[in-house]
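All remarks here apply to the structure that follows.
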Amino acid sequence: MRTEHLVRMERLELSRVAPLEPKSSASTNFATFAHKICLDYTPFTADLPARPVFPKFDPSIGRNLSIIKRAHIFSSVRNALPVLQPTLSRPATAIDLEMNDLNRQQDKEGVVKYRLDYTAAPSLNPGIVAELNAWRTILYRLGLTGQDPRRYDGLAYGNVSIRRGLTAFLISGTQTGGLPELSSEHYSLVTGFNPERNWVAAEGPIPPSSEALTHAAVYRSGGGIDCVLHVHSPEIWEKAEALAIPVTDRQVAYGTPEMAREVEYLVRTSRSPVIAMGGHEDGIVAYGGTVEEAAASLIRSLARALAQGHGNFMASPV
């Protein structure tokens with residue numbers, strides 16, 4: 001088994017688990033692997049001295065392994081052992097089939113992967129989101145947000161946010177991307193977040209978007225950013241490198257702490273106000289000091305992507 005490609009697990013979760021009693025060579029191998037992962041795990045720091053490095057996908061170890069880190073499906077490695085066993089030469093069981101189904105659900109657009117502490121609360125004054133809603137309507141009419149039965153399993157896509165303090169921001173609610181227009185009832189106030197612990201706290205009339213953790217990472221990356229727009233654009237996404245738009249690691253899935261780390265790194269180290277999410281089909285993030293600034297950068301990138309396919313076009317920073 002190529003343990004160097006296995007997903008990393010959180011030290012916090014591993015520290016709560018009693019040592020496994022080896023019952024076979026396979027169990028011994030797993031215990032050794034879990035101990036090694038615990039020792040090798042290095043928590044992310046805000047200093048970002050270098051770009052995060054993520055394990056490459058290796059089909060020989062099976063997709064079930066990624067479930068443990070992504071969804072906190074099990075509270076301990078002991079409970080997770082039945083899921084890992086298919087990679088240790090054990091026939092598939094009902095648990096395996098259930099976890100495979102949940103893994104597929106986790107990969108779908110719009111599925112919340114972070115731990116959410118949500119409190120229902122009244123909506124804020126409509127005037128607070130008036131400008132954001134106006135630009136968001138334009139994005140919808142351009143097809144950058146929306147809902148299409150032929151794309152992303154028919155789920156809605158796209159979300160927008162504005163800063164409301166040092167560690168708070170208003171973000172469109174889960175699965176609102178398909179609505180032609182939004183109101184204050186469609187926004188959630190994120191009051192706290194911790195990408196390293198995969199945690200978000202929010203309140204409002206609706207739970208926050210599944211991409212709230214990515215928005216949080218952009219706001220945390222530095223001052224001067226007061227708006228974040230996440231849309232889906234095949235045109236920009238497919239031509240990102242040709243347009244000199246930074247791209248996140250293609251092995252990193254959306255809505256995860258790893259994606260938040262990747263986005264934060266690129267925001268801190270790049271001059272581009274637009275980022276392509278390599279591991280999130282068609283996913284694009286734009287940000288700026290105002291809603292207009294972020295939206296203008298996004299729409300300008302779309303125009304450049306469309307022009308890039310027609311005759312000579314010189315790529316330059318957005």
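Structural remarks
- Here the Debye sum runs over all C-alpha atoms of the stretch 148-252 as equal scatterers in vacuum, and log10 of I(q)/I(0) at q = 0.12, 0.21 Å⁻¹ comes out as -0.45, -1.20.
- Net charge over other residues, Cβ less than 14 angstrom from the Cβ of residue 304 (K, R count +1; D, E count -1): -1
- Mean Cβ neighbour count within 10 Å, used as a protection proxy, ranking 223-234, 292-303 highest first: 223-234, 292-303
- Gain on full stretching of the segment that runs from residue 307 to residue 271 - 0.36 nm per residue minus C-alpha separation: 10.8 nm
- The stretch 219-318 gives an Rg/Rh value of 0.95, both radii derived from C-alpha positions and Rh following Kirkwood.
- Annotation: for a label point projected 7 angstrom from Cα along Cα→Cβ of residue 196, residues of the stretch 249-290 with backbone N closer than 16 Å are 257-262, 264-265.
- The packing ranking of peptides 240-249, 271-280, highest mean first, is 271-280, 240-249, where packing means the average number of other beta carbon atoms within 10 angstrom of each residue.
- Label point of residue 168 set 7 angstrom out along Cα-Cβ; within the stretch 131-146, no amide nitrogen lies under 18 Å from it.
- FRET efficiency for residue 296 and residue 141, using Cβ-Cβ distance with R0 set to 22 Å, rounded to 0.05: 0.90
- Translational D in µm²/s for the stretch 115-308 (Stokes-Einstein at 37 °C, 0.692 mPa s, Kirkwood Rh from C-alpha pairs): 202 µm²/s
Every number in this text was worked out from the coordinates using simple rules, so none of it is lab data. For clarity, every value in this text was computed on a predicted model and none was experimentally measured. For neighbour counting, all protein chains shown are included, and Cβ atoms are generated from backbone atoms with ideal geometry for every residue, glycine included.
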